[in-house]
Amino acid sequence: MTTLGDGYEARPISLEAYREACTRLEGRIFGGNWGYAFDPPVKAPPPLGESFQWGLFHGDDLIGWHHAHQRDERTVYMADTGVLPEHQGKGLYSRLLPHVLAVYRDAGYTLVSSHHRATNNRVLVPKLRAGFFIQGLNLYEGGLNAALTLSLDGTYREAMHVRSGFRPAAGEAARRLGLHLQPGAGEDGQEAPRVPMPETDGEGLDLGDGYTLWRVPYAVYRDVYARLEASAYASVSFDWASPAPLAGPDVPRYVWLIAHAGEVAGWQLSRQWDARTAYMVNTAFLPRHRGKGLYTRLLPAVLDALKAGGYSLVRSHHHATNNAVLIPKLRAGFRLQGLQVDEHGVMAVLIYPFHPVYRDYMDVRSGLTRPQDEVARRLGLSPLTPEEEAT
């Protein structure tokens with residue numbers, strides 16, 4: 001038995017007890033999801049392998065469960081976690097995760113995998129905080145799923161960063177990937193140069209702890225960026241070996257510098273993407289200013305400015321293993337919409353909708369919710385009522 005606080009406990013249960021609980025309660029837990037109704041299967045399921053089940057209890061009442069089973073010789077698959085609606089929003093998932101992950105580690109597994117609907121931030125955020133990385137997207141009978149993997153092996157975790165382009169290959173991870181270690185790779189770089197904050201007009205926005213946000217012309221940003229780029233990023237991008245042959249699009253740009261003690265601490269650049277969308281191109285904080293919650297405090301100011309500019313959506317791309325940025329973005333309401341490979345590596349594509357109906361639409365597309373009300377009307381859908389589905 002594991003105490004989860006506030007009167008909640010996780011108790012081991014049998015596979016049969018888990019299946020009985022699913023039959024009895026899954027309609028209440030997952031009834032709002034939108035899936036495809038297959039005909040009954042004609043094939044028997046494959047052997048399950050080693051499995052793990054916990055019942056989640058509040059007092060003597062079973063209010064949820066967690067089930068996982070062996071996927072292969074290295075991987076355990078977190079197949080199903082459910083909590084009754086009246087017990088959701090209490091942090092149970094975050095409190096349960098360390099317990100089950102410790103069990104999987106002790107059982108000898110190297111990898112822990114799971115799938116979740118791509119817009120289900122209430123699950124994605126605690127998973128990323130626990131160290132899972134986004135590994136892919138797949139379209140299945142339940143909708144659009146995000147595939148997550150946690151490496152319980154630190155070296156493989158570093159290799160995942162190398163694969164995404166977020167970090168250079170170094171040490172044992174480089175050897176396991178069959179790479180020669182480049183001179184200087186993995187070594188701590190020199191401290192970033194201290195660049196005085198350029199003169200600015202108007203009044204900066206207070207971000208707390210002595211940090212202020214200033215709107216600046218694009219040319220000022222380019223000068224600062226050229227001086228500090230090497231200090232702000234450790235990622236590995238493709239070397240085009242020649243300047244871009246064409247000029248960039250002439251679109252509106254929105255640029256801010258972050259100041260601290262009279263010096264540049266970081267920046268943010270956004271620009272128009274299309275007729276409805278703004279693109280958050282580039283955000284960086286110098287190493288000595290990281291880990292202070294600045295990204296979380298910066299986001300509302302940038303989103304407010306882009307909304308005032310008339311945009312309906314905000315787009316951004318981030319290395320798929322850069323959880324330090326993905327977590328605050330998802331917590332702010334961005335939704336995972338895809339993965340792409342570009343010159344910077346394997347990038348997660350995020351979208352933030354200002355319009356609540358479009359936000360609901362994204363949940364419908366992922367299968368997290370059923371089409372209804374205004375979303376159904378805009379999609380030209382007439383879903384069955386629960387009574388009609390029952391018949």
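Here are a few things to note about the model shown:
- One residue from 19, 11 being farther than 22 Å from residue 95 by Cα and not hydrophobic (A, V, I, L, M, F, W, C): 19
- Any hit, region 201-209, residues being surrounded by 14 or more Cβ atoms within 10 Å (Cβ to Cβ), modelled with pLDDT of 95 or more and either out of contact with any His (no Cβ under 6 Å at 6 or more places or on another chain) or of a type in the set (Gly, Ala, Ser) (or both): yes
- Residue, farthest from residue 134 (Cα to Cα), within region 317-332, restricted to residues that are free of Cβ contacts under 8 Å to residues at least 40 places away in the same chain and either among the charged types (D, E, K, R) or surrounded by fewer than 22 Cβ atoms within 10 Å (Cβ to Cβ) (or both): 332
- Those residues of region 321-360 which are within 21 Å of residue 234 (Cα to Cα), polar (S, T, N, Q) and touching a helix residue (DSSP H, G or I) at 6+ places or on another chain (Cβ under 8 Å), in sequence order: 321, 322, 323
- Residue among 375, 346, 357 that alone is buried (at least 17 other Cβ atoms within 10 Å of the Cβ) and in a helix (DSSP H, G or I): 375
- Taken as a whole, the condition of being in contact with a strand residue (DSSP E or B) (Cβ under 9 Å, 6 or more places away or on another chain) and surrounded by fewer than 17 Cβ atoms within 10 Å (Cβ to Cβ) applies to residue 3.
- Region 93-133: number of residues that are of a type in the set (Gly, Ala, Ser), outside any strand (DSSP E or B) and either outside the structural domain of residue 6 (by TED's automatic domain parsing) or touching a residue at least 12 places away in the same chain (Cβ under 8 Å) (or both): 5
- Residue match in region 153-161 (condition: touching a Phe, Trp or Tyr at 6+ places or on another chain (Cβ under 7 Å), in a loop (DSSP other than H, G, I, E, B), more than 17 Å from residue 258 (Cβ to Cβ) and of a type in the set (D, E, K, R)): no
- For region 345-385, filtered to residues that are out of contact with any strand residue (DSSP E or B) (no Cβ under 7 Å at 6 or more places or on another chain) and in contact (Cβ under 8 Å) with a residue 60 or more places away in the chain, the residue that is farthest from residue 34 (Cα to Cα) is 363.
The values are calculated or read from the model by the stated rules, or taken from the named source; none is laboratory data. Model, not experiment: these values are computed from the prediction. As a convention, Cβ positions derive from the backbone with ideal geometry for all residues, glycine included, and neighbour counts pool all protein chains shown.
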